[in-house]
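Each reported figure results from applying straightforward, stated rules to the coordinates on display, with no laboratory input. These figures come from a predicted structure and were not determined experimentally. Counting neighbours? That spans all protein chains shown, and the Cβs are built from the backbone with ideal geometry, glycine included.
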Amino acid sequence: MSTKIELKLSRPNRIYLPYEPLEGKIVVKSASSISHSGIRMAFNGSVNLQVRGGSAGVIESFYGVVKPIPILSKILEIKPSGKIVSGTTEIPFSITLRNPKEDNLERFYETFHGTNISIQYLATIDILRGYLHKSLSATLEFIVESDKADLHDQPISPEMVIFYITQDTQRHPILPELKSGGFRITGRISTQCSMLEPLSGELTVEASTLPICSVDIHLLRVESILLGEKIITETSLIQTTQIADGDVCRNMTLPIYVVLPRLFTCPTVLAGPFSIEFKVAVVISFQSELSRLHPKSDPITPRLWTAMETLPLELVRTSRAYDSNADVPNAYAYAALASLV
Amino acid sequence: MEFRARNYIAEEQSHALPRSRAAIHPLSSPSPPTHLRQVDDNVENRNNEEFFDPLRAPDSNAPVKIVDGRDSESSSYGNDDSAQVQMKEWTSFKRFLMQRFPVSKMISISSMSNMIVRGGKAYEKYSTSMHMEELDDPQKSSEEGAKVITWREYVSRLHELKEEINGAWHNEDRVKSLKLSIKVARLLMDTSVSNFYPTLFVLTTDVLDMVGNVVWERIRQKAEFAEDGTKFCSLPENFRASDVCIDAKETCYNWFCKVGSIRELLPRIYLELAILPCWRFLTEQPAESLQRLVMMTRGLADPLASAYCRLYIAHRAQKLPFYDTGYLITCVNDIKLIFTQISSAKETAHGCLADSKSSLVSLMEPAIEFIMKCIFNDASLMRVGKVLVELGIGRSQEELFGGSSCVSIVLHHLLKELPTDVVSSHAVDILHLIKCSNDYSYDQCLNYRLLGLRLCEQISQIGSVDDIVNEVILVVSQCGLDEYLKVIDAYLDIVLQNQMDGHLKTILEGISELACDQVIAEDELAGLQSILVKVLSHFEDLEDVFSLNHFLQILDLMHGSSRSIVNMHILDMATRNGYVRDPTSIQLIFEISQELHNDIDIANKKNDDNQQQARLISHFVRMVDHGTEYEQHLAFLVECRGAFSSIIELKEILVHSSNFLATKALKDGKKHLSFVKSCMAFSEVTIPSISGHIKQLHLYLETAEVALLGGLVSHSDGLIDSALDCLQSFDRMEGSRAAVDSDGILSSIRKLCSLLIMVPDNPEVGILHIPKSILSIIHSQSWSPRMKTRIFCAIVSLSATLSQGRLPYHAFHPEVMGNDLLFFGNSSYVHELISLAASVLENLVDVIEREPSQAARGNMSLEACNCIVSSFKINEHVLLVCSKLIEIAKLCLSAKDKYLISTISFLDKNLPAATAASSITV
C-alpha cells in the first residue's frame, strides 16, 4: 500500500511573517481509503544551540547540545477521526502563528542556519491511525521573518565607515618585505546593512610595493551562547566575495558589492541566552611564494602574506513592500530555495 | 540541262517590299493618350491574334500582389530589425575574432581549466545542498603545471559542456546547469595562452549567451503562465517591471542572488552579464546595474581578461531596450588607463617585453573596436560632443578636440567611428591630436592615414584644405618612404580634387627623393601603385600625366606586379578616348606595352590578369592611328608582331589592321599599290602563325577580298589557295571540334563561293579549279549530311550565277575583269559549269538520305529543291531530282508544313506548261 502525504504552502518561497496567516494544504495520495483517528498539525519553532569548537572548552564540547529555546508550539486539530477516500485528497489549513492578544513572551526570531545556532520553524502533519498502524506524517520547514512590530525604529544610517589598511594596522605578523615596502589600501564600507540591500562600499589600492594577488570580502557570523557563567563565541565564514583579481591598477576605485546570502544571515540578534552577530573582513592577499606552499585552508586565519581589516556589521530588517510592485530589486531578497532557481 | 537565265536587277526590284514613308519611329515612345488607346486596341484584338507577344502580356495583377506581400512582411519585422542587425553584427564579429587570432594546434592548459582536461568525471557528484559554497571548491589541488591538449579537443569538450548544460536544464536540474555555466565562465580566468583567448572568449560567451536566453525564457514563462500551464497574462515586447507578477520576480531575484554568491570576480561578472536582460523583470531601470558591472570589471587586473570582459559588457548591454553609452565611455577610459600602465611598465622593464606588449595590444584591439562601434551607433552630433568630452579628448561642446593627448589605439578606433561631418569640420584639430598622441600602442602614421581616408569620404565638406595639406606634408617630410607613402596616399585625393598642383609636385618630388636610391619593398610598391593610379585616374589626358615632373621617374623605380598594374592603367587610359595619334605617346605606350608583355607569365596564360593585359595591349594596337603615314603604321604593326609574339589575339588584330590599312590606302588613290602589296605580304606571312584553322580561313578570305579590291588577282588566287589548304587540313587537325564549328566553316565556304563570283577564273590552272577543289574537299571530309547538302547547294547556285550573261556584282577594281566578260558566250565554259552542277546533283539526293534526323532531312530536301528550281530550267532530269526531293520531304514532314506547301507551289509555278499536269500529283 503506497500512501504519500505532502504539505504545500501558499507561498512558493515559504516566507511568512508571524502575524500573517500561514496557509496551505495537505495533499494525501493513496491507493486505498485510510481510516484514521484524527488529523493533527503541529507548528514548532525553536532556537537550537550547540557548542562546538570556538572558545568552548573540552568539557563544554563534551556536553555538546544545550537545551533548545522554544519559540512556538501550536497544535491544530484538522479533522476528527474518520476516513480518507482513495485517490488524491487535499485538505486546506490556516493558522496565525502569533495571536497579538495572546501574551506571547518569546520573540519570533527570524529563521537562521549557522554552525552553532540554528533557528528553525517546522510544520508537521500527523494522521493518527491507532496502535496497529504507524501514523502517517510529513514535515516542512517554513521561513519566518520579523513582522513590522519588531522592526528597528531607527532608519538605516547611510553613513559608511572609512577604513585604512597599511602595514602598520596589521595585528598579525606579516612578511618583512611587506613591512618594509609598505602598502596602503583605503575604502569605505557600510557597517549597518539592511537585509534587503547588498553590502556596499568601495575600495582603492593606493600603493603597494608587492603585487596584489586578490582582494576578498569575507562575511563572518559571530555566534555566542551563554553556557552557565560562560559565553562561548565562535566566528565562522559565511561567504567570500572576490572584488579584485590580480594586481589591480593603483588609485582606481573598485566597488564593494556583496549580495547577502539568505537563510545564512538574519538580523543581528542579541538575546539573553544567545546572540548572533556579523562581521565583514576585507582581506588583501599579496603575491608570495609562501602562499603556494600552503594549501588553501581557513581563509580567515591571518597569514604572513595577507593584510586585513575586520569590521562589525549590523544586519537589520527594514520593511519590505511585499505586495506592492516596487521598482527596487531589493524588495525581493528572499527565497533562497533551490526549487526557486 | 540548262541554267535558268536571271535578271538580277529586275528581280531585286520585283522582290523589294513597297516602301512608304513613316511619320513616327515605331520604337520611339508614343504620347500618353495614344499609348492608352493602343493598349485598349491590343486588349480588344488579343483574342484574334495568332501569336502571343509576351511583352504585351497584361498580367498586371501578379506583380502588385507580390509587392503587397513584401509590404506586410517588412512591417511585421519592424521591431526586431535592430535586434537582428545586432545579432548579425555579433556573429560576424565573433567570426572575425576567430580568424584574426588563429589557434595553434596545441594549447597548454593551466590548472585553472582542469575541468576541460579531466572531462566529465570531475563534476558528476552534486549535492543537492542549496548553498553555492561547494561551487567555489577551487580545483587547484593538482597544480602539476600546464597540460597540453589539442585545441580541437578543447572545443569539442566545450561543446559537450554546452550540451550538458542544456540537458541538465531540460531535466529540470537547473542548479546543475548553473554550476556548469560557472565552470565555463571560470575558463576565461586563464589568460596564459593569450593567442587562444579570443577563441576561448567566443566559445564560452556562446555558452553563456545560451544560458542567459534560457533563464530569460523561464522567467518570462513564469510571468505569463501559471503553474498548471494556463496563460494568465501576456507580456508586451516593451513590458515594464510592474507588469511582472511577484512569483516571477522572486525567481528572477533568486537567480541574481545565486550569481552574486559566486566567489571569484570574473565568473560572477560574466554570469550576471549573461542574465543581465532579466533585470527588466525586476526594475524599470535595468541599465543601472551596467555601471556597477563596469566598475566591478576594474577589479580584473589582467589586461586581456578585463578588455574582453568589457567587450562582453558592450555585447550584453545591447540586449537591453534602452541604455546610456556613459558606461561604455567608462570602459574605454579604463582601458586607456591600462594602456598607460602597460606603457609605463615598458620603461622600467627591459626591451624584449616590447614584442609581447604589441601582441597584447593587438589582442585587446577588437574589444576597443567593438566598444567604440557601440558608442557611436547612431550618435547625434550633440552626443558626439558629450562623448568626446567624457573621453577626455574635448574640453567642451565648442572645443571638441582641445583636450590632452589620447592613447593612439583608442584614438584610431575613435577616428574610425566619428561621424564624417565631425571629422571634416575638425580636421586640423584632429591632426594636432594625432600629433601629440604618439605611443607604442598604435603606429602614428596609420592614424594620419586614417584621418586622410575619413576626410576623403566627403572632400567637398572639408573646411581648411590648405592648412591640412600643409600640415600633412610637414609631417611626412620627416618620415621614411613607407610611412610617407601610407600617409600621402590617403590625402592624395584631397590634393587632386582641390587642384593643388604645387602640392602634387612637392609630393612627387618627395617620393622620388626618398625612393631613388633604395630597393623598394612590397609594401612600398603597393603604396606607389595606389598613388600613381590615383594620379592617373584624376587626369583626363595621358599627356598631362606624362608631363608631370618625376612621374615617369617614379614609374621607372617600380617593378613587378605593381608596375604592371600601373602600366595597365596607363594603357587603359591611353586607349579609352579613341585613337592614339601622337607619335611620342605611341612610342611611350609601346614601350610600356612591351614591359607589360614581358611580365606576362607564359606558364599562366590562362590567368585572368594576363588576359586583361593581352586585351589592353591588343586594344592599344587597334587604336593606334598614324593618319596618312601608312608606311609608318605598317612598320609599327611589324614591330608589334615581333614584340608581342605571345599574344594570339593580337595577331588577328594585326591582320585586320593591315587589311584595314591597305583598304584605306586604296581609297586614297592608285599611288599606293606597292604599299598595298606589302600589306598583303604582311598579312600573308602573319596568318599562318595564328592557331585555329577557322580563324585562318576567315583571315585568308578577308585578305583575298582586300587583294581583289586592289586588283591583285594573283595575290587573291594565292590567298584563296591557302584558304583551301586550311580547309583541307581542317579535319585532320581539329577533327574532334569539327561538329562545334561546323556552322562557322559552312558560312566561310558560302562566303568563299560568293567571293568566287568576282574572282576571274584562271585558265592556266583550269577553269572552275576552285569549286572543284571545294567539291573534292567535301568528298574527302566526314562532315555531316546537313553541312554537305548546304555546300552542294552553294556550289549549284554559284555555277548557275556564273553562267549568267551579267553577274550580280563585280570586283571594285576596274582592272579586274569579271568572268562574264572573260567567258561571255564561251560554250565550253558553260558546259563546264553544267557538268559541275550535274555532278553535284548526282550526289545530292544520296547525301540527304543519309541525314538521321527526320525533320532535318525534310527541310534539307526542300532547301535543295528550292535551290535547284531557282537555278535550272526544269526538264525531265531536273524534275526527277525535284520530285525525289519532294517525296523525301513528304515522308518526313506533315502535309500541312508551310515550307513544303510553298516549295511545291514554287515548283509548280516553274514547271514548263507541258509537264505541269502529271508530275506533282504523284
Output the Kirkwood hydrodynamic radius of segment B:810-922, Cα pairs only, in Å rounded to one decimal.
15.8 Å
Could you give the distance between the Cα centres of segment B:652-681 and segment B:439-511, to the whole Å?
53 Å
Point-to-point label distance, B:Q497-A:L76, nm (Cα→Cβ direction, 7 Å offset):
8.2 nm
Output needed for segment A:161-340: three equivalent-ellipsoid semi-axes, defined as square roots of 5 times the C-alpha gyration tensor eigenvalues, in descending order, whole Å.
31, 22, 14
Relative contact order (%) - criterion: Cα under 8 Å, at least six apart; region: segment B:377-529
17 percent
Just rank B:W255, B:W169, fewest to most, by other beta-carbon atoms within 10 angstrom.
B:W169, B:W255
Please give the average number of partner chain Cβ atoms lying within 10 Å of the Cβ of each residue in A:252-259, rounded to a whole number.
6
Determine, from the Cβ-Cβ distance of B:L548 and B:E522 and an R0 of 25 Å, the FRET efficiency 1/(1 + (r/R0)^6), rounded to the nearest 0.05.
0.50
When a footprinting reagent is the concern and you count Cβ atoms within 10 Å, what order do B:H569, B:H538 take, fewest first?
B:H538, B:H569
What ranking do B:R615, B:R454 get, fewest neighbouring Cβ atoms within 10 angstrom at the top?
B:R615, B:R454
Classify segment B:414-524 as rounded, prolate or oblate from the Cα gyration tensor: take a ≥ b ≥ c as the square roots of its eigenvalues, call it rounded if a/c is under 1.5, otherwise prolate when a/b beats b/c and oblate if not.
oblate
Whole-percent pair-distance distribution, where bins are 5 Å wide, for the alpha carbons of segment A:170-244:
3, 10, 15, 19, 17, 14, 11, 6, 4, 1
Total formal charge among the other residues, if their Cβ is under 10 angstrom from that of A:I26, Lys/Arg +1 and Asp/Glu -1
+1
What shape does segment B:643-722 take by its C-alpha gyration tensor, where a ≥ b ≥ c are the square roots of the eigenvalues and a/c under 1.5 counts as rounded, a/b above b/c as prolate, and the rest as oblate?
oblate
Structure shown: which of B:K671/B:K751; B:K319/B:K357; A:K8/B:K222 lie over 23 Å apart, alpha-carbon to alpha-carbon?
B:K671/B:K751; B:K319/B:K357
Inter-chain shielding of B:277-286 (mean C-beta neighbours from other protein chains, 10 Å cut-off)
2
